[in-house]
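Student: Before I ask anything, here is the structure I am working with.
The values are calculated or read from the model by the stated rules, or taken from the named source; none is laboratory data. Owing to the predicted nature of the structure, the values given are computational and were not obtained by experimental measurement. Every residue, glycine among them, receives a Cβ derived from its backbone with ideal geometry; neighbour counts consider all protein chains shown.
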Amino acid sequence: MKKKAALNQFVNLAHYNKHDDLIVDDIEDLDAEAIREKFMDMGIIKDKTNKRKEDNMFKDVTAELSFYLFSKEGAFRIFCYNVQAAKWFDNTIMLLIGLNSVKLGLDTYLLNE
């Protein structure tokens, strides 16, 4: 059931042209591996081998050295990439933003008294 819903989502998102007509020929031309790649690109299924993560790690990075000190393949830059790519990092940042907003609201309220 979950796979069928994912396939329907894929068809709905990826295969409409400018006139909102479903392009059936495109999905029929794709093999199973191409559909799997599209699902991974859309985040519907996960890549268990981490190959996609490793391929995308330095995708848009053109600088070989950061701050003229840290190499592209160095352990520190890889650690920083892994931290920022982790889901918990996003949640932690959102929590800190929320706490900061509450603090600013309380400070403003307490200063007005």
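Student: Would you be able to tell me the number of residues in the stretch 70-113 that are surrounded by 10 or more Cβ atoms within 10 Å (Cβ to Cβ), β-branched (Val, Ile, Thr) and modelled with pLDDT under 90?
Tutor: 1
Student: Please list, ordered by first then second residue, the pairs with beta carbon atoms under 8 Å, 6 or more apart or interchain, first in the stretch 89-113 and without any contact (Cβ under 8 Å) to a residue 40 or more places away in the chain, second surrounded by 10 or more Cβ atoms within 10 Å (Cβ to Cβ).
Tutor: Correct list of pairs: PHE89/VAL83.
Student: I need the helices (runs of 4 or more DSSP H) fully contained in the stretch 1-69, keeping only those with at least 2 residues that are loosely packed, with under 11 Cβ neighbours inside 10 Å, outside the structural domain of LYS87 (by TED's automatic domain parsing) and at pLDDT 75 or above.
Tutor: 32-42
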